[in-house]
Amino acid sequence: MTIQEICGSFDIVGRYISCSELTTGNINCTYHVKYVRDGEGKDYIVQRINKNVFKEPEKVMENIVCVTDYVRQNIIKKGLSTKRFVLRAFLSKKDGKPYVIDEQGDYWRCYRYIKNSTTFDQTDDLKVIERVGVAFGRFQDCLDGFDACKLFIPIKDFHNTPKRYLDFYNAVTENVCGRVKEVKCEIERINEYKDEACKLQSYLDQGKLPLRVTHNDTKSNNVSFDMETLEPMAVLDLDTVMPGALAYDFGDAIRFIANTELEDCPDFEKVSLDINKYEAFAKGFLAEVKHSITETEIETLNIGVFTMTVELAMRFLTDYLRGDVYFKTKYPGHNLDRARNQLVLANDVMAKMERLEKIIRKYV
Ligand code: GN1
Ligand code: MG
């Protein structure tokens with residue numbers, strides 16, 4: 001099926017004009033589609049779900065519908081626009097499902113593109129960073145009372161760091177591409193971080209942390225902003241919503257937005273944790289969650305930053321060792337660059353831990 005035919009299978013009205021591929025995501029294939037209806041432009045986001053990563057796409061979509069329906073009710077209560085502050089998945093004309101299956105058995109979905117919106121891969125604007133924090137914090141707030149256990153687990157053990165270590169060691173042992181010899185130092189470094197990086201999981205195993213609905217992919221480019229007012233609006237990319245620890249979302253967001261460079265920048269000597277960016281995000285996020293956050297959650301936020309950074313380093317390196325089969329790559333050493341970048345960042349996070357703790361205490 002062509003993109004035009006896919007769009008035609010959803011319950012959207014108007015005339016198809018054009019489509020262009022968006023290349024920021026590492027997993028799914030995403031297209032920005034333009035329609036016109038009654039002389040007015042209408043835009044949509046159409047995505048092919050990666051079946052290699054999401055084995056049961058229909059259940060991923062059930063999660064998304066369930067979560068967005070709940071968030072929508074709370075957005076209404078807050079007096080905000082549901083068109084701009086929450087994603088809407090369109091339904092198939094044929095069977096009313098929130099996806100369409102093509103002749104190859106691939107699953108496609110379609111969302112409304114929020115008019116006059118933009119996203120940030122990286123920014124030096126601390127106000128914007130604070131607002132990314134507000135958006136992810138508000139997402140938590142809008143899911144307050146939602147039973148996380150109702151959700152399907154789209155990827156098992158997604159942030160289970162000890163399991164990620166096992167997977168990594170398997171990739172090292174199998175050494176299918178013969179790349180282990182190039183990355184001895186990185187393997188050693190990941191090993192050294194193991195005890196610290198596995199702490200968060202042990203808090204969870206001991207039942208010390210509440211299970212929340214977490215987003216699990218809190219990169220700044222997963223928040224849409226109003227292009228003119230720079231107001232933060234809907235949280236995007238809900239594929240990995242599932243039960244988890246608040247520190248996952250805090251940590252993942254920080255490792256992305258407070259990195260002085262993009263996560264795949266190969267100039268590793270330039271990579272560090274920008275304390276001002278850290279503080280801006282923490283301020284926005286904590287303002288939204290401070291009435292519900294527990295003391296143990298507060299204690300684990302920065303462990304989450306370290307854990308998420310090491311985990312990403314390990315996932316990128318695992319994929320490099322396996323021959324780049326999971327993340328999309330733009331050049332042969334791309335996953336290796338990403339892994340090295342995250343290791344430099346993890347090291348700097350550790351070095352700045354005391355300062356990070358002080359900042360958290362300032363805002364709770
Ligand atoms: C993947 O495709 P994207 O950018 O939404 C990955 C995340 C990583 C991220 C790193 C399902 O997300 O876990 O943090 O790349 N998503 C999945 O950029 O593995
Ligand atoms: Mg994602």
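The values are calculated or read from the model by the stated rules, or taken from the named source; none is laboratory data. Fair warning: this is a prediction, and the values are worked out from it, not measured in the lab. Quick reminder, even Gly has a Cβ in these numbers, built from the backbone with ideal geometry, and neighbours come from all protein chains shown. The area values use the complete protein model at the heavy-atom level, side chains included, leaving out ligands, DNA and RNA. Shrake-Rupley method; radii C 1.70, N 1.55, O 1.52, S 1.80 Å.
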Flagged pairs (Cβ under 9 angstrom, 6 or more apart or on separate chains; first in segment 53-69, farther than 13 Å from L151 by Cα; second in a helix (DSSP H, G or I) and within 13 Å of ligand 1 (Cβ to nearest atom)) are F54/V60
Picking from D249, D226, D205, D167, the residue that is away from ligand 2 (no atom under 16 Å from the Cβ) and touching a strand residue (DSSP E or B) at 6+ places or on another chain (Cβ under 9 Å) would be D226
Among I101, I17, the single one that is surrounded by 14 or more Cβ atoms within 10 Å (Cβ to Cβ), away from ligand 1 (no atom under 16 Å from the Cβ) and without any contact (Cβ under 8 Å) to a residue 60 or more places away in the chain is I101
In the set V310, V325, the lone residue that is over 17 Å from A282 (Cα atoms), touching a helix residue (DSSP H, G or I) at 6+ places or on another chain (Cβ under 9 Å), open to solvent by 50 Å² or more (accessible area, probe 1.4 Å) and not assigned by TED's automatic domain parsing to the domain that holds G25 is V325
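Rundown of residues vs (1) closer than 23 Å to N52 by Cα; (2) open to solvent by 50 Å² or more (accessible area, probe 1.4 Å); (3) not aliphatic (A, V, I, L, M), yes/no style:
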{"site": "Q140", "(1), (2), (3)": "no, no, yes"}
{"site": "C149", "(1), (2), (3)": "no, yes, yes"}
{"site": "I155", "(1), (2), (3)": "yes, no, no"}
{"site": "V176", "(1), (2), (3)": "yes, yes, no"}
{"site": "K181", "(1), (2), (3)": "no, yes, yes"}
Within segment 65-97, residues open to solvent by 70 Å² or more (accessible area, probe 1.4 Å), part of a helix (DSSP H, G or I) and within 18 Å of V46 (Cα to Cα) come out as K83
When segment 154-167 is checked residue by residue, the ones that are in contact (Cβ under 8 Å) with a residue 24 or more places away in the chain and away from ligand 1 (no atom under 15 Å from the Cβ) are P162, Y165
Filtering segment 118-168 down to residues that are of a type in the set (A, V, I, L, M) and part of a helix (DSSP H, G or I) yields L126, V128, I129, V132, V134, A135, A148, L166
L166 vs (1) over 21 Å from the mean Cα position of the chain (by Cα); (2) open to solvent by less than 70 Å² (accessible area, probe 1.4 Å); (3) within 16 Å of R315 (Cβ to Cβ): all pass except (2)
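Could you grab me the full set of residues in segment 317-364 that are part of a helix (DSSP H, G or I), of a type in the set (A, V, I, L, M) and closer than 20 Å to E174 by Cβ?
Restricting attention to segment 317-364, the residues satisfying the condition of being part of a helix (DSSP H, G or I) are 317-322, 334-351, 353-363.
From what's left, of a type in the set (A, V, I, L, M): 317, 321, 336, 339, 343-346, 349-351, 353, 356, 359-360.
Within segment 317-364, L317, L321, L336, A339 qualify.
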Exactly one of F285, F256 is within 18 Å of the chain's Cα centre (by Cα), touching a residue at least 24 places away in the same chain (Cβ under 8 Å) and within 16 Å of ligand 2 (Cβ to nearest atom), and that one is F256
